[in-house]
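A.B. asks: My structure is below; once you've seen it, I'll send some questions.
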Amino acid sequence: MITIDLTGMILKGRYCIVEQVGSGSEGRLYLARDIELGGYWAVKEIPISRKKEAKLLRLLEHPAIPRMVDFAEQGEACYLVMEYIRGKSLQALLEEGKHFSAKELLELGLHISQVLHYLHTRKPPVYYGDLKPANLMLDHTGKLYLVDFGSAVPGYSREQRICQGTKGFAAPEQFEGKMCEKSDVYALGKTIRALAGNRWYGVLLQAPGLLYFVKKCCRRSEKARYGDMEEAGRALLRIRQRLGKGRRTVMAAFVTALFLCTAGASYISVNRKPDFFQALEEVTGLYRQPEFLSGEKEEAAEICKEAEKELQKLLKEYTDQKEQRRLLLLLAVNGELQEKWERAAFYYEQLLLYDPEYREGYGEYGMFLWRTGQREASIRLREDYEKLEKEGLLENGSGKALSMWKEKIDEEINKEERLSGSHDAGSDAAGGADGDTSGR
């Protein structure tokens, strides 16, 4: 499309173009003065072939979406007259050196999820398709807007279509010509990560659960992401509710330590290191010391602390999947030995978080929950496990812990069913006796 500078021109006898305020690969953005009403509007120039954006915007009414008030066609271009947002994009703020805190990221994430949920619940639904910091604007009052609907796609179906998006933010399925609500979920995670800046690991860890949220959003498999934007929004609300609570402080410190270990693993030099099992033997040998086996409780606690410290070092150095599994399981058991139940649960959860296909890991965590009296939680974990198994998202294999866990759950369910049946039978019998007496 050949673009012509419209400065000084009047569109539709009403909108006088004052100046160009932006540009893109397919057109320009102008500031225009309304001759009739005296206010200012933004005029966006797009190719006539993308007139669908105008049709979409006309149907949308949301506080975070710039309102479209008019439309004009001229030659090979069309012009969208929209609400003028006085402010800067989040990308511009990043480039100016803005550092978003975890709390700010949570608030932004919640606002974004709400407007995307609105789009996804239209009839037909609207999939945005190009979420990124450059398409999010803060006005001079701090209000957030979602702009540029050039990549948005309406429809119920998943048929092949040309989908635009930005590399690094667009979901994998978009490059196959497909888009759905989970594509925007993926981009939400990528956007929050981008807003966290270069030190995103440390920033996201300031809010326990936010790093997990981002990683789940950004799963390559659609099935492994949040089901829809409403579910993603609820997850962000839970994280915000937990933020700042004192009882989470210790847990957050362990999260930080673990992720700093795993994140730093890629930077380790290729110097020779001991065989994994040899290194592991040096740590587990601590548990065979007389001070641990028959010493005072305080001595055993000190040995457990030392073992945890050494295991975390190994977690940093040995990054093979099977090695990481073994180390996280040992760290969890070490927590149990100290009767630090939250700490043990943390390591079991991290095992499943970063290795969700590990079938035996569910058995280990399920048995831990059972041992510590958290039977309802163990049963809920079994339900999650069966759902993943049904969807074919678990690796092949089985193990002792998994078998024991399944047996315990089955026994508990059968026991409850028998008790429920006995109770119902007793109630029926009592009811029958009463009826017989009244009959007489």
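Derivation of every value follows stated rules applied to the coordinates shown; laboratory data play no part. These numbers were taken from a predicted model, which means no experiment stands behind them. Because the Cβ atoms are built from the backbone with ideal geometry, glycine has one as well, and the counts that use them run over all protein chains shown.
A.B. asks: Charges at C-beta only: +1 for Lys and Arg, -1 for Asp and Glu. How large is the resulting dipole of segment 78-207 about its Cα centre, in Debye rounded to 20?
C.D. replies: 160
A.B. asks: Here's another thing I want to ask about it. Is the C-alpha gyration tensor of segment 355-405 telling us rounded, prolate or oblate? Criteria: a/c under 1.5 is rounded; beyond that, a/b larger than b/c is prolate, otherwise oblate.
C.D. replies: oblate
A.B. asks: With a cut-off of 8 Å between alpha carbons and a minimum separation of six or more residues, what is the relative contact order of segment 64-215 in percent?
C.D. replies: That works out to 24 percent.
A.B. asks: Given 373, 289, 361, which one lies farthest toward the positive end of the charge dipole of segment 285-373, if we put +1 on the Cβ of every Lys and Arg and -1 on the Cβ of every Asp and Glu?
C.D. replies: After comparing all options, I get 361.
A.B. asks: Another question about this same structure. Modelled label-to-label distance, residue 198 and residue 384, 7 Å Cα→beta-carbon offset: nm?
C.D. replies: The two pseudo-label positions are separated by 3.6 nm.
A.B. asks: While we're looking at this one, here's another question. Using R₀ = 25 Å, calculate the FRET efficiency as 1/(1 + (r/R₀)^6) where r is the Cβ-Cβ separation of residue 10 and residue 48; round to 0.05. Please report the intermediate quantities before stating the final value.
C.D. replies: Working: r = 20 Å, r/R0 = 0.80.
According to the calculation, E is roughly 0.80.
A.B. asks: Just in segment 299-361: which GluC sites (Glu not before Pro) are loop by DSSP and have at most 14 other Cβ atoms within 10 Å? The partial results should precede the final answer.
C.D. replies: Working: sites: 299, 302, 306, 308, 310, 317, 323, 336, 339, 342, 349, 357, 360; in loops: 339, 357.
Passing sites in segment 299-361 are 339, 357.
A.B. asks: On full extension of the chain, what length is gained from residue 215 through residue 281, given 0.36 nm per residue of separation minus the C-alpha to C-alpha distance?
C.D. replies: Values: separation 66, 0.36 × 66 = 23.76 nm, distance 3.29 nm.
Result for the pair: 20.5 nm of gain on full extension.
A.B. asks: Counting Lys and Arg as +1 and Asp and Glu as -1, each charge on the Cβ, what is the dipole of segment 10-84 about the Cα centre in debye, to the nearest 20? Walk me through the intermediate numbers first.
C.D. replies: On the way: 11 positive and 11 negative charges, 35 e Å.
For segment 10-84, the charge dipole is close to 160 debye.
A.B. asks: While we're on this one: Each residue of segment 382-396 in turn: what ³J(HN,Hα) in whole Hz from Karplus with 6.51, -1.76, 1.60 and θ = phi - 60°, glycine and Pro shown as x?
C.D. replies: For segment 382-396, the Karplus-derived couplings read 4, 5, 4, 4, 5, 5, 5, 5, 5, 7, x, 9, 10, 6, 6 Hz, x marking Gly and Pro.
A.B. asks: On to the next question. Note down, for segment 88-244, the three equivalent ellipsoid semi-axes (square root of 5 times each alpha carbon gyration tensor eigenvalue), biggest first, whole angstrom.
C.D. replies: They are 24, 17, 15 Å, listed largest first.
A.B. asks: Determine, from the Cβ-Cβ distance of residue 312 and residue 395 and an R0 of 25 Å, the FRET efficiency 1/(1 + (r/R0)^6), rounded to the nearest 0.05.
C.D. replies: E(calc), rounded to 0.05, equals 0.45.
A.B. asks: Tell me, what is the percent relative contact order of segment 298-424, built from C-alpha pairs under 8 Å that lie six or more residues apart?
C.D. replies: This gives 19 percent for segment 298-424.
A.B. asks: In segment 27-116, which GluC sites (Glu not before Pro) are in a loop and have at most 10 other Cβ atoms within 10 Å, using DSSP for the loop call? Please list the in-between numbers first.
C.D. replies: Working: sites: 36, 45, 53, 61, 73, 76, 83, 95, 96, 104, 107; in loops: 36, 61, 76, 96.
The qualifying sites are 36, 61, 96.
A.B. asks: Between residue 67 and residue 139, what is the label-point separation in nm under the 7 Å Cα-to-beta-carbon projection?
C.D. replies: My value for the distance between the label points is 1.0 nm.
A.B. asks: Under a point spin-label approximation (7 Å from Cα along Cα-to-Cβ), what is the residue 92-residue 33 distance to one decimal in nm?
C.D. replies: About 2.1 nm separates the two model spin labels.
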